[in-house]
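Here it is, the structure in full.
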Amino acid sequence: MTRLILWMTVLTLAYSTSVQAGNEGAITIQSKVFHNALTAYAQVRPIRLLTVQTLVSGQVEDLSVLPGQHVQADQALARLKGISQSAQIIAAEAAVNQALAAFNLAQQNYAGIAATYPDVSTRQQLFTAKAAVNDARAKLISARSQLALIQGGGMVRAPGAGTVVSLSATNGQNVTAATPLLVLQLDHSLWLEAEFYGTAKQDVAIGMGGMFHPADGGKPVAVTVRSVANQVGSDGGLSVNCIPVGGSTWFSGETGNLVLNSGNRSWPSLPSQALILDAGNWWVVISEHGHYRNQMVTIGPEEDGWTAVTSGLKAGEQVQVTHAYRIYHRNFAIDYQQPD
């Protein structure tokens with residue numbers, strides 16, 4: 001074994017001497033324009049869930065809907081038995097008026113921000129104001145449904161079309177005011193949530209367009225980035241939310257790949273065969289002044305056999321292409337340690 005290692009060392013030293021004689025098989029790095037597509041795993045999630053709850057006390061009966069069942073707007077969900085309608089109607093009407101005033105104020109705020117966008121207002125401010133309008137609208141719908149509950153003799157009706165997510169009560173149960181009956185996910189209240197990592201986090205922006213490709217092979221859906229998290233999560237990922245362009249038939253929990261188009265971008269590029277993967281990192285061999293140096297790089301998109309290098313390499317440097325893998329491991333025998 002010792003004789004074999006010595007022989008390998010001699011061969012390696014001889015090869016190292018021969019490859020240091022010049023830069024044959026190397027190319028000069030130049031910048032190339034790439035189509036920058038950002039890809040991430042994505043899942044359809046509710047923007048928000050609506051909890052249908054009681055405004056008054058009573059006993060639940062005729063609760064016949066089940067989780068996963070789709071209901072229409074104003075569809076009967078359950079009935080409350082034994083309620084009194086005097087003071088509760090006055091309280092419910094007051095709640096509707098309060099919710100209506102908050103909704104009108106949110107609409108006025110959104111209109112003011114939209115009028116000054118993009119000269120004064122930012123996209124994030126615009127999105128926040130729009131979200132406030134949606135939240136106020138949901139509260140107004142809930143308040144009106146509770147008023148209709150009392151006026152309708154205790155009948156609980158769906159405030160809008162949607163899917164029952166879960167039940168919080170059962171028939172025969174005595175409930176007090178503000179007791180949750182069920183959770184409803186309203187139609188058209190879904191968006192796409194994705195996590196981007198690495199250099200892609202720097203390129204994602206609100207308003208960027210792309211396509212969602214369902215994992216089940218369904219029809220791709222055109223999307224627009226609606227919100228981007230202000231900071232990365234604990235796992236280093238940047239949360240991005242998208243909405244469909246022109247409507248969608250996607251459903252909650254659906255998964256797939258999100259591909260965002262961030263336009264064309266110029267990066268230093270090299271033939272893909274010049275890249276060496278070692279211990280989870282990408283490397284290249286740089287040729288300079290007749291010697292070789294291993295350099296770790298971060299790669300980007302790949303087109304037609306050429307790969308973009310987003311960091312670790314700059315235009316004008318000489319990178320070995322021919323026998324790159326063998327040259328990268330030129331000191332293998334020297335660094336080799338015989339197992340115990």
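The values are calculated or read from the model by the stated rules, or taken from the named source; none is laboratory data. The structure presented is a predicted model; accordingly, all values stated were derived computationally and were not measured. Glycine gets a Cβ as well: all are built from the backbone with ideal geometry, and neighbour counts include every protein chain shown. Ligands, DNA and RNA are excluded from the accessible area calculation, which covers all protein heavy atoms including side chains. Shrake-Rupley method; radii C 1.70, N 1.55, O 1.52, S 1.80 Å.
Being of a type outside the set (Phe, Trp, Tyr), more than 20 Å from residue 169 (Cβ to Cβ) and in contact (Cβ under 8 Å) with a residue 24 or more places away in the chain is the filter here; which residues of region 85-104 pass it?
Step one: list which residues in region 85-104 are of a type outside the set (Phe, Trp, Tyr), which gives 85-102, 104.
Of the ones still in play, those that are also more than 20 Å from residue 169 (Cβ to Cβ) are 85-87, 89-91, 93-102, 104.
Listed by number, the residues that qualify are 85, 89, 91, 93, 95, 96, 98, 99, 100, 102.
Give the residues of region 85-138 that are among the β-branched types (Val, Ile, Thr), over 25 Å from the mean Cα position of the chain (by Cα) and more than 23 Å from residue 56 (Cβ to Cβ), sorted by residue number.
If we filter region 85-138 for residues that are among the β-branched types (Val, Ile, Thr), which is where we start, we get 89-90, 96, 113, 116, 120, 122, 128, 133.
From the residues that got through so far, the ones that are over 25 Å from the mean Cα position of the chain (by Cα) too are 89-90, 96, 113, 116, 120.
Residues satisfying the conditions are 113, 116, 120.
Of the conditions (1) open to solvent by 70 Å² or more (accessible area, probe 1.4 Å); (2) free of Cβ contacts under 8 Å to residues at least 12 places away in the same chain, residue 137 fails just one. Which one is it?
Result: residue 137 passes all but (2).
The conditions are (1) open to solvent by 20 Å² or more (accessible area, probe 1.4 Å); (2) more than 30 Å from residue 82 (Cα to Cα), and residue 174 fails exactly one of them. Which is it?
Residue 174 satisfies every listed condition except (2).
Separate question: Return yes when residue 94 is modelled with pLDDT of 85 or more, assigned to a helix (DSSP H, G or I) and either in contact with a Pro (Cβ under 6 Å, 6 or more places away or on another chain) or farther than 21 Å from residue 179 by Cα (or both) and no when it is not.
Values: modelled with pLDDT of 85 or more: yes; assigned to a helix (DSSP H, G or I): yes; either in contact with a Pro (Cβ under 6 Å, 6 or more places away or on another chain) or farther than 21 Å from residue 179 by Cα (or both): no.
For residue 94, the condition - modelled with pLDDT of 85 or more, assigned to a helix (DSSP H, G or I) and either in contact with a Pro (Cβ under 6 Å, 6 or more places away or on another chain) or farther than 21 Å from residue 179 by Cα (or both) - is not met.
Just checking, how many residues over region 231-273 are under 16 Å from residue 209 (Cβ atoms), assigned to a loop (DSSP other than H, G, I, E, B) and aliphatic (A, V, I, L, M)?
1
Then there is this: Under the condition of being surrounded by 15 or more Cβ atoms within 10 Å (Cβ to Cβ) and either touching a Pro at 6+ places or on another chain (Cβ under 6 Å) or polar (S, T, N, Q) (or both), which residue from region 307-320 is modelled with the lowest pLDDT? Explain how you work it out, then say what you get.
Residues of region 307-320 that are surrounded by 15 or more Cβ atoms within 10 Å (Cβ to Cβ), as a first pass: 307-310, 312-313, 317-320.
From what's left, either touching a Pro at 6+ places or on another chain (Cβ under 6 Å) or polar (S, T, N, Q) (or both): 307-310, 313, 318, 320.
Working: 307: 91, 308: 88, 309: 90, 310: 85, 313: 90, 318: 92, 320: 91.
Out of the qualifying residues, it is 310.
Continuing with this model, one more query. Scanning for something modelled with pLDDT of 90 or more and touching a helix residue (DSSP H, G or I) at 6+ places or on another chain (Cβ under 9 Å), does region 40-50 turn up at least one residue?
Yes, because at least one residue in region 40-50 is modelled with pLDDT of 90 or more and touching a helix residue (DSSP H, G or I) at 6+ places or on another chain (Cβ under 9 Å).
Can you work out which of the residues in region 321-330 that are open to solvent by less than 50 Å² (accessible area, probe 1.4 Å) and part of a helix (DSSP H, G or I) is nearest to residue 274 (Cα to Cα)? Working first, answer last.
Step one: filter region 321-330 for residues open to solvent by less than 50 Å² (accessible area, probe 1.4 Å), giving 321, 324, 327-328, 330.
Checking the rest, the ones that are also part of a helix (DSSP H, G or I) come to 324, 327-328.
Values: 324: 6, 327: 11, 328: 10 Å.
The qualifying residue nearest to residue 274 (Cα to Cα) is 324.
Is it the case that residue 183 is buried (at least 17 other Cβ atoms within 10 Å of the Cβ), of a type in the set (Val, Ile, Thr), under 28 Å from the mean Cα position of the chain (by Cα) and closer than 21 Å to residue 77 by Cα? Before the answer, list the steps.
On the way: buried (at least 17 other Cβ atoms within 10 Å of the Cβ): yes; of a type in the set (Val, Ile, Thr): yes; under 28 Å from the mean Cα position of the chain (by Cα): yes; closer than 21 Å to residue 77 by Cα: yes.
It is true that residue 183 is buried (at least 17 other Cβ atoms within 10 Å of the Cβ), of a type in the set (Val, Ile, Thr), under 28 Å from the mean Cα position of the chain (by Cα) and closer than 21 Å to residue 77 by Cα.
Does residue 200 fit the bill of being farther than 19 Å from residue 128 by Cα, of a type in the set (Gly, Ala, Ser) and in a helix (DSSP H, G or I)?
yes
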